[in-house]
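Step one of this worksheet: look at the structure below.
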Amino acid sequence: MSWLKKLTEGLKKTSSSAKSKLSGIFIGKKIDADTMESLEEALISSDLGVSASQKIVKEFEKNYSGKTSDQEELLEALSKSISNILEPLEKELIVSDDHHPHIMMLVGVNGSGKTTTAGKLAKRFSQQGKKVILVAADTFRAAAIEQLKGWAEKTSVELISAERGADPAALVYQSIEKARIQKTDLILIDTAGRLQNRIELMEELAKIVRVIKKLEPEAPHDSLIVLDGTVGQNALSQLKAFLDVAAITGLIMTKLDGSARGGVLVALAEEFGLPIHLIGVGETAEDLQDFNAMAYSRALLGLTLED
Ligand SMILES: Nc1nc2c(ncn2[C@@H]2O[C@H](COP(=O)(O)OP(=O)(O)OP(=O)(O)O)[C@@H](O)[C@H]2O)c(=O)[nH]1
Ligand SMILES: [Mg+2]
């Protein structure tokens, strides 16, 4: 299956929910103030957030007020407005040759998809010919090391781990030193899931960042928050909590395939303006796709995508 099909399939739950809210709003009548109000409500309840929804409605009003138009054309117009918000944030995740090594770190709450994403990224970048080290900085759960080991073996990538309970910051420090000696291109750090209200765990994360900066003041070059696409508005408070503590530079949203609330990506974009690198629409490595604003915006509204 092509990635566009996978994206459309993956976003089906979100798009059918959005479509059912939008359907009927435009049917067979002149677009007026009532239409705008219903439209704004539908967008907000599709998780796009108040600010983005108002922006979209304003643009819509400018172009369509007083007109009648068919549903398809109006959905097309909406998807374009959504895409306009997202497009500046569409940014491929790349391993820069200027960094020796390039340091990438994955953070987020429990179960958001960090370890799976670390494995998928290890595969992607080693296929690009990069020399990669995976660091199991989740020393909290014994199973976490095993899980990452599975990905390391599958992708023939080196894994650096420590015993359970070890200091993750110390492990990261050793990994960077080793990577420098071995001329590794990329260090991918998988961290333990932590809820944003666990102060001591957030402090542990801050310490990892401090230790990285001691060796590489510009790093982590990518500090990526992995957000579960099924949590809806909660993603906003998660991002807010991790933003400064982990020096977040960009985001990845997983599990859009199981979610009816994928619209929250638009709210995140509007509120934080951080680069959106990748989205996950399934469990295999191929299901982690580069974020494409236009394709996502169309799939969000259930519009067809050309291959
Ligand atoms: N359907 C679907 N499942 C996903 C996706 N990404 C990850 N998962 C699944 O989500 C579950 C949790 O993923 P993990 O990678 O273990 O999450 P984590 O953030 O490392 O979890 P902790 O380390 O416990 O915080 C696994 O069963 C993954 O297979 C996705 O894009 N779609
Ligand atoms: Mg994990």
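Just so you know, all these numbers are worked out from the coordinates, no wet-lab data involved. Since this is a predicted model, take the numbers as computed values, not measurements. Note: ideal-geometry Cβ built from the backbone for every residue, glycine included; neighbour counts use all protein chains shown.
Where both residues lie in segment 211-306, what percent of DSSP beta bridges are antiparallel, nearest 5?
25
With respect to the cross-link table entries Lys131/Lys240; Lys30/Lys55; Lys154/Lys255; Lys5/Lys183; Lys30/Lys80, which display a Cα-Cα separation exceeding 27 Å?
Lys131/Lys240; Lys5/Lys183
Please work out the Cα center distance from segment 262-286 to segment 218-236, rounded to the nearest Å.
Centre-to-centre (Cα) distance: 8 Å.
Name the aspartates and glutamates eligible as straight-distance cross-link partners of Lys149: C-alpha to C-alpha under 16 Å, and not fewer than 8 places from it in the same chain.
Cross-link targets: Asp138, Glu158, Glu163, Asp190.
Quick check: net charge around Glu200, other residues with Cβ under 12 Å of its Cβ, Lys/Arg +1 and Asp/Glu -1? Write out the running numbers ahead of the final one.
Details: positive: Arg194, Arg198, Lys207; negative: Glu203, Glu204.
Around Glu200, the charge tally is +1.
How far apart, in nm, are the 7 Å Cα→Cβ label points at Lys213 and Lys62?
Going from the Lys213 label point to the Lys62 one covers 4.0 nm.
Let me check I've understood the local charge: for Leu268, count other residues with C-beta under 15 angstrom from its C-beta, Lys and Arg +1, Asp and Glu -1. What total comes out?
-1
Could you work out the helix-only [θ] at 222 nm for the chain, with each DSSP H run of four or more residues adding -39,500 (n - 2.57) and the total divided by the number of residues, to the nearest 500 deg cm²/dmol?
Dividing the helical sum by the residues of the chain leaves -15500 deg cm²/dmol.
Cut-off 10 angstrom, C-alpha nodes, Gaussian network model of the chain. Which of Ser79, Ser161, Ser69 fluctuates the most?
Ser69
Which of the aspartates and glutamates could a cross-linker span from Lys58 if the Cα-Cα distance has to be under 16 Å and same-chain partners fewer than 8 positions apart are dropped?
Of all the aspartates and glutamates, those that pass the test against Lys58 - Cα under 16 Å, at least 8 places apart if same chain - are Asp32, Asp34, Glu37, Glu40, Glu41, Glu76, Glu270.
If you take every residue apart from Trp151 with its C-beta less than 11 Å away from the C-beta of Trp151, what net charge results, scoring Lys and Arg +1 and Asp and Glu -1?
Summing Lys and Arg as +1 and Asp and Glu as -1 gives +1.
How high is the relative contact order of segment 102-291, in percent, counting Cα pairs under 8 Å that sit 6 or more residues apart?
Contact order relative to length: 25 percent.
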